[in-house]
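Nothing in this text is a laboratory measurement; each read-out follows from the coordinates by a stated rule. Predicted model, so just to flag it, every value in this text is computed and none were measured. Neighbour counts are summed over all protein chains in view; Cβ atoms, including those assigned to glycine, are modelled from backbone coordinates with ideal geometry.
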Amino acid sequence: MKNYYFLISFLLSVSISWSQEYRQMIAKGTYTVQEIQQSAEAYFAEVGTERGKGYKPYKRWEYQALQNMDENGMLPTPEFYFNELASYNNYINQNYAQARTTVGTWQPLGPDYWNQTSGWNPGVGRITSIAVEPANPNHIIVGADTGGVWRSIDGGVTWTVLTDNLSTLSVSALAMDPTNASTYFWGSAGGTIFRSLDSGSTWNFYSDTGNGNVNKILIDPSNTSKMYFSF
């Protein structure tokens, strides 16, 4: 009986230790994002991804980590950010005798309400990208992480969804053609880019880079056939 309890205790201790492994890897800062992903995927394959298991906080961390990692898959250390801030402050102190402050006028465009359900903040998502027509600031398109592309033609007072009939709603980048504001480009997961030639009424597959999320789309205003994407 004593050996039985010892075995159970040992297995529990191993399970608890293993379940915390990916969190410890994040805290140490010496592992690549891919290594942490592999550990986390193994953990959640065992415990499940139901509410309260920690899966959603992990996916938030993963989303940010994939955007911030360097070419080797490593995340910047706290020392890196500290040194960058120190360098910036030193530059400001050396090049600007008096700090210049530009004060603008900002107004919230919403959302300022949500549908009350049993979930957490239902109807309120993350805005990942914004594009505004240079000649008409009332013409705005925004993208939500898993909420599709939305358009406003009255400066953000009202919004119309443009992607409810599509199989994917993941939006990580948006751009308007600088010479034709009815042409939109939408960057999504998996390196996929979509294009609309009719202000978002219809969308067509445009490009597949085969990489991660398309986080930025830039169009050369002097040659709109030249485009730049970042991941």
Subject >> Partners for residue 28 among lysines (Cα-Cα distance below 29 Å; same-chain residues under 8 apart left out) >> reply: 53, 56, 59
Subject >> Those lysines that a straight Cα-Cα span of less than 20 Å connects to residue 226, excepting residues fewer than 8 apart in one chain >> reply: 216
Original post:
For residue 215, which sequence-distant residues (separation of 5 or more, or a different chain) have an amide H within less than 5 Å of its own amide H, given hydrogens modelled in the peptide plane?
Top reply: 230, 231
**OP:** Sort 25, 69 so the one with the fewest other Cβ atoms within 10 Å of its own Cβ comes first.
**Re:** 69, 25
Original post:
Residue by residue through the range 141-155, which ³J(HN,Hα) values in whole Hz follow from phi under the Karplus form 6.51 cos²θ - 1.76 cosθ + 1.60 (θ = phi - 60°), with glycine and proline marked x?
Top reply: 10, 10, x, 10, 3, 10, x, x, 9, 10, 10, 10, 10, 10, x
Subject >> Extension reserve of the residue 153-residue 209 stretch, reckoned as 0.36 nm per residue once the Cα distance is removed >> reply: 17.0 nm
Original post:
Given a cut-off of under 8 Å on Cα pairs at least six residues apart, what relative contact order in percent is computed for the range 24-115?
Top reply: 28 percent
